Amino acid sequence: MSDAKCPGQNPQYWKPEDAFEVSCPNCKEIVEFFKDEPKRRCHNCKQEVINPKVDFGCALWCPKAVDCIGEARYQQLLAAAKTQPKQDKYRTKKDLLLFEMEKYFAADERRINHARKVLEFAEQLLEKEQADPLVVISAAILHDIGIHKAEEKYKSSAGNYQEIEGPPIAKAIMEKLQFKKEIIGEVCEIVAHHHSPGKVDTLNFKVLYDADWLVNLRDECAAGNKNKLAEIIDRVFLTRSGKEIARRLYVGAGLESTPTDDD
């Protein structure tokens, strides 16, 4: 949070509302804040005023949190976090990963847009599947991160090359953002097999795999043959929710699907 490298503190990405005024709790004098300032002293009474808009998500994982905002404020944010919906706890890390992914892909809007679409579907699936949001969201953002390196080294964007080149890049990004080792390990395992179903059998993998297919299905299949498309959906998708969304989007309501072990 006090680290100048934190993307959330880069003024280039700030909005007008990221500068705001707070009333001093002691003398009611107006204290002006920018979003990256955890606390300031009131110029009138010298009371220390805490920034009420500090993002508790950042404070929860940043190792500098206590030094930055103080033990008392940190404990307040920690208590507040326990009352938040589970998805909200991961919002800050998601934003940082998106920042790093977009920075890595630079002008490659096609890959950036694909990652964002996969993320959208992954979040839809997380509403129904009891997977780990932090793992799934991270894998959704980073699953194709090796594609540029694959094209550079092998002159190909084939999935097997992405699986080779993606994990080291994903690991470096997540280590930079100070993710826990076990989270990094699982996300990298998913990235290393995201074109190879069956090698990883976790629910986290299945949710990411289905989210990716929900984006790719339109390009992979002939939209005119709904019966064929229905067969592909039943065969390819790994979660009940993934199949339901795919049928709704690409085949239409009322489809009688072939029973599978997951149904």
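General observations
- Residue-level analysis places GLU32 outside the set of residues that are at pLDDT 65 or above and closer than 25 Å to LEU177 by Cβ.
- Among the numbered conditions (1) closer than 20 Å to ILE245 by Cβ; (2) surrounded by fewer than 24 Cβ atoms within 10 Å (Cβ to Cβ), the only one that ILE190 does not meet is (2).
- Test result for ALA131, among the small types (Gly, Ala, Ser), closer than 30 Å to GLU244 by Cβ, in a loop (DSSP other than H, G, I, E, B) and open to solvent by less than 30 Å² (accessible area, probe 1.4 Å): yes
- Residue match in segment 170-180 (condition: of a type in the set (Val, Ile, Thr) and either open to solvent by 20 Å² or more (accessible area, probe 1.4 Å) or touching a strand residue (DSSP E or B) at 6+ places or on another chain (Cβ under 7 Å) (or both)): no
Conditions tested, residue by residue: (1) farther than 16 Å from TYR104 by Cα; (2) modelled with pLDDT under 90; (3) not charged (D, E, K, R).
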| position | (1), (2), (3) |
| --- | --- |
| LEU142 | no, no, yes |
| ILE145 | no, no, yes |
| GLU165 | no, no, no |
| ILE173 | no, no, yes |
| LYS176 | no, yes, no |
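- Candidate set: segment 228-244, residues that are open to solvent by 20 Å² or more (accessible area, probe 1.4 Å) and acidic (Asp, Glu); chosen: the one modelled with the lowest pLDDT: GLU231
- Among (1) modelled with pLDDT under 95; (2) in contact with a Phe, Trp or Tyr (Cβ under 6 Å, 6 or more places away or on another chain) - the single one ARG247 does not satisfy: (2)
The values are calculated or read from the model by the stated rules, or taken from the named source; none is laboratory data. Remember, predicted model here, so these are calculated numbers, not experimental data. Positions of Cβ are backbone-derived with ideal geometry, glycine not excepted, and every protein chain shown enters the neighbour counts. Keep in mind that these areas ignore ligands, DNA and RNA; they rest on the heavy atoms of the full protein, side chains included. Shrake-Rupley method; radii C 1.70, N 1.55, O 1.52, S 1.80 Å.
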